[in-house]
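J.: So that we are looking at the same thing, I have put the structure below in structure tokens.
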């Protein structure tokens, strides 16, 4: 059910297509995708095969790098290693 993600985006005033979700469950991944959001799956509780459909699958948040993109604080650059 995408309602939780859609509600969060609405409360933040952000379009779902502009959201990035970090998720570790197949149910959460499916909900985020149904909401029209992009997903990075964390392989902390489920195997990678259970989390297909994510833009990336990471073993740990330690492999994710985040930086501001230029002078706009609402724009981020992400990099990760698998």
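Nothing in this text is a laboratory measurement; each read-out follows from the coordinates by a stated rule. Keep in mind that what you see is a predicted model, and the values were worked out from it rather than measured.
J.: Rounded to the nearest 5, what is the percent of antiparallel bridges among the DSSP beta bridges in the chain?
T.: Details: 5 of 12 bridges.
About 40 percent, rounded to the nearest 5.
J.: Expected output is a single nm value to one decimal: the length gained when fully extending between residue 10 and residue 34, i.e. 0.36 nm times separation in residues minus the C-alpha distance. What is it? List each step's numbers first, then the result.
T.: Working: separation 24, 0.36 × 24 = 8.64 nm, distance 1.51 nm.
Net length gain for the segment: 7.1 nm.
J.: Pairs of Cα atoms under 8 Å, at least six residues apart: use those to get the relative contact order of the chain, whole percent.
T.: Working: 127 pairs, mean separation 17.5, N = 82.
It comes to 21 percent, rounded to a whole number.
J.: How much length is gained if the chain between residue 1 and residue 60 is pulled fully straight, taking 0.36 nm per residue apart and subtracting their Cα-Cα distance, in nm to one decimal? Numbers along the way, then the final one.
T.: On the way: separation 59, 0.36 × 59 = 21.24 nm, distance 2.54 nm.
Residue separation times 0.36 nm, minus the Cα-Cα distance, leaves 18.7 nm.
J.: State whether the chain is rounded, prolate or oblate according to the following rule on the C-alpha gyration tensor (a ≥ b ≥ c being the square roots of its eigenvalues): a/c under 1.5 gives rounded; otherwise a/b larger than b/c gives prolate, and the remaining case gives oblate. Spell out each step's value before the answer.
T.: Details: a/c = 2.53, a/b = 1.09, b/c = 2.33.
Because a/c hits 1.5 or more and a/b fails to exceed b/c, the chain counts as oblate.
J.: Between residue 71 and residue 25, 0.36 nm times their residue separation minus their Cα-Cα distance comes to what?
T.: Values: separation 46, 0.36 × 46 = 16.56 nm, distance 3.40 nm.
Computed gain between residue 71 and residue 25 is 13.2 nm.
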